[in-house]
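Here is the structure we will look at.
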Amino acid sequence: MFSGKINLSTYSQQNMVIWFIMAFQAGTLNTGGFLACHRFVTHTTGFATLFGSEIAQGHLTTAIGIVTVPIFFLVGNILSAYLVDRRINLHLKPYYTAVFFLMFSFVAIIFTLGQMNFFGDFGGEVSIAQDYTLLALLCLTSGLQNATVTSASGAVVRTTHLTGITTDLGIGITRLFSRAYRKSRNEEIKANWMRIGIISSFILGSWISASIFIYAQYGGFIIPLIICALLTYLSHSADKQAQEKHRLYNAN
């Protein structure tokens with residue numbers, strides 16, 4: 001699915017399309033989380049800020065709940081690192097299909113529990129007791145996705161938050177006008193278009209999904225659910241094709 005290489009050859013058309021799709025999905029997950037319980041899912045800095053705010057107001061239980069939510073993002077990172085990054089460094093085929101299936105499973109749980117009103121009223125008053133599971137599952141899913149793309153691209157691509165990618169874009173634009181980077185100008189152009197594409201895809205995912213979430217509420221999570229299912233299918237198909245090529249090669 002991904003090339004798994006840690007250089008600019010990762011900016012293939014196929015990989016960039018996948019990254020744009022995943023950035024679109026990240027936009028839907030963040031929008032769903034924000035509209036459902038007024039929290040940005042992948043904004044770890046925001047959780048730290050809320051923790052300080054709740055502590056200052058004497059809301060100890062809420063503060064502890066908020067500060068532990070990003071741990072699930074970290075757990076997602078660890079799971080992805082075991083399935084993808086570890087295998088890349090061992091020169092083995094990464095388990096992308098397993099990662100996408102886990103993401104599909106977590107979003108399916110969110111969609112199902114939402115339909116059962118497990119999380120309470122969509123967009124209602126924030127309640128850490130009800131919203132904790134939703135935020136935990138969203139962070140877990142986002143952590144899986146972000147670490148997977150990071151490992152696959154050699155740490156040059158992020159899809160679940162825009163601060164780093166926007167910083168890279170600013171640096172990349174400056175490099176285009178610098179003599180020191182004249183030899184790598186074509187690669188930098190590709191990288192900048194990738195960064196613009198990810199930012200645009202994230203915004204587009206947020207925009208489109210917001211209209212659907214407002215209308216369908218928790219039913220709006222069908223969008224990332226479909227995307228996860230598609231990525232799982234495509235990755236599994238790629239694995240089968242690779243196995244068949246390997247079998248034919250050995251047969252000859």
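The values are calculated or read from the model by the stated rules, or taken from the named source; none is laboratory data. If you're wondering where the values come from, they're calculated on a predicted model, not measured in any experiment. Ideal geometry is used to build each Cβ from the backbone, glycine not excepted, and the neighbour counts take in all protein chains shown.
Some points to look at:
- Hits in region 47-75 (condition: within 13 Å of Leu135 (Cα to Cα) and not aliphatic (A, V, I, L, M)): Phe47, Gly65, Thr68, Pro70, Phe72, Phe73
Per-residue answers, yes or no, for (1) crowded, with 17+ Cβ neighbours inside 10 Å; (2) at pLDDT 85 or above; (3) not hydroxyl-bearing (Ser, Thr, Tyr):
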| position | (1), (2), (3) |
| --- | --- |
| Ile128 | yes, no, yes |
| Leu135 | yes, yes, yes |
| Ser142 | yes, yes, no |
| Ala147 | yes, yes, yes |
| Trp193 | no, yes, yes |
| Ile198 | yes, yes, yes |
| Gly219 | no, yes, yes |
| Asp239 | no, no, yes |
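- Test: residue in region 43-52 that is modelled with pLDDT under 90, over 18 Å from the mean Cα position of the chain (by Cα), of a type in the set (A, V, I, L, M) and buried (at least 16 other Cβ atoms within 10 Å of the Cβ): yes
- Restricted to region 78-111, and to residues there that are of a type outside the set (Lys, Arg) and part of a loop (DSSP other than H, G, I, E, B), the residue that is surrounded by the fewest Cβ atoms within 10 Å (Cβ to Cβ) is His91.
- Residue pairs whose Cβ atoms lie under 7 Å apart, separated by 6 or more positions or on different chains, with the first residue in region 27-40 and within 22 Å of Thr68 (Cβ to Cβ) and the second surrounded by fewer than 17 Cβ atoms within 10 Å (Cβ to Cβ) and small (Gly, Ala, Ser), are Ala36/Gly123; Phe40/Gly46.
- Candidate set from region 112-121 (those that are of a type in the set (A, V, I, L, M, F, W, C) and closer than 22 Å to Thr68 by Cα); member that is surrounded by the most Cβ atoms within 10 Å (Cβ to Cβ): Phe119
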